[in-house]
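Working notes for the structure below.
The values are calculated or read from the model by the stated rules, or taken from the named source; none is laboratory data. This structure is a prediction, so every number in the text was calculated from the model and none was measured. Cβ placement follows ideal geometry from the backbone for every residue including glycine, while neighbour counts extend to all protein chains displayed. Heads up: the accessible areas ignore ligands, DNA and RNA and are worked out on the full protein's heavy atoms, side chains in. Shrake-Rupley method; radii C 1.70, N 1.55, O 1.52, S 1.80 Å.
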Amino acid sequence: MRQETRNVFAEGAVAGLIGYGAIVLFFVVVNVFAGRSIFYTAALFGSALFYGLRDPASLEMAIAPVASYNMVHLLVFLSLGVLAAWIVSKMEKFPLLLLPVLLAIFFVAAYVIMALVIFAEPLLGGVAWWQLGASSVLAAVLMGWYLFRRHPGLRREFADITHSDVSA
């Protein structure tokens, strides 16, 4: 395996863990402030995803839904982290990709969040949109910050773009 590929996987794994951790901590805080178990959201989503739960009032706290949901959640974020690291490595080599890639990420993220809100609305109630939106933005910002810090060439390109003279 080439060094560049190893770097993408390593950076992607770290970025994915950062995003996963941000969302887990966000919902731990939300659950604590709501007076629920710190595992409530994971149990709720795991029970809905794997065990067909439709009514949050009938949720039973159990390790299986919490563990299964967290496993899927972790794998999704590790995959997103590797994808993001690969995109950043390509953007560093081809800076013209910056704007179209950022736009594509924005639109895909918006649709994914909308789909998650539709899935979560019956379970979380009226607060689903802000909880999923805020946690997703937090995860994306932290993952992006990490990857941005790891690629000084991309930072230079971004600085050149934002400080360029457009009147010339």
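Before moving on, here are some points about what is shown:
- Matching residues, region 18-37, being in a helix (DSSP H, G or I) and over 14 Å from residue 138 (Cβ atoms): 31, 32, 33
- Given (1) in a helix (DSSP H, G or I); (2) open to solvent by less than 30 Å² (accessible area, probe 1.4 Å), number of the condition residue 80 does not satisfy: (2)
Conditions tested, residue by residue: (1) over 30 Å from residue 152 (Cβ atoms); (2) loosely packed, with under 15 Cβ neighbours inside 10 Å.
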| site | (1), (2) |
| --- | --- |
| 47 | yes, no |
| 52 | yes, yes |
| 59 | yes, no |
| 64 | yes, yes |
| 68 | yes, no |
| 76 | no, yes |
| 89 | no, no |
| 101 | no, no |
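- Selection within region 103-121 - among the aliphatic types (A, V, I, L, M) and loosely packed, with under 13 Cβ neighbours inside 10 Å: 103, 104, 108, 110, 115, 118
- Candidate set from region 1-17 (those that are free of Cβ contacts under 8 Å to residues at least 60 places away in the same chain, assigned to a helix (DSSP H, G or I) and open to solvent by 80 Å² or more (accessible area, probe 1.4 Å)); member that is farthest from residue 131 (Cα to Cα): 3
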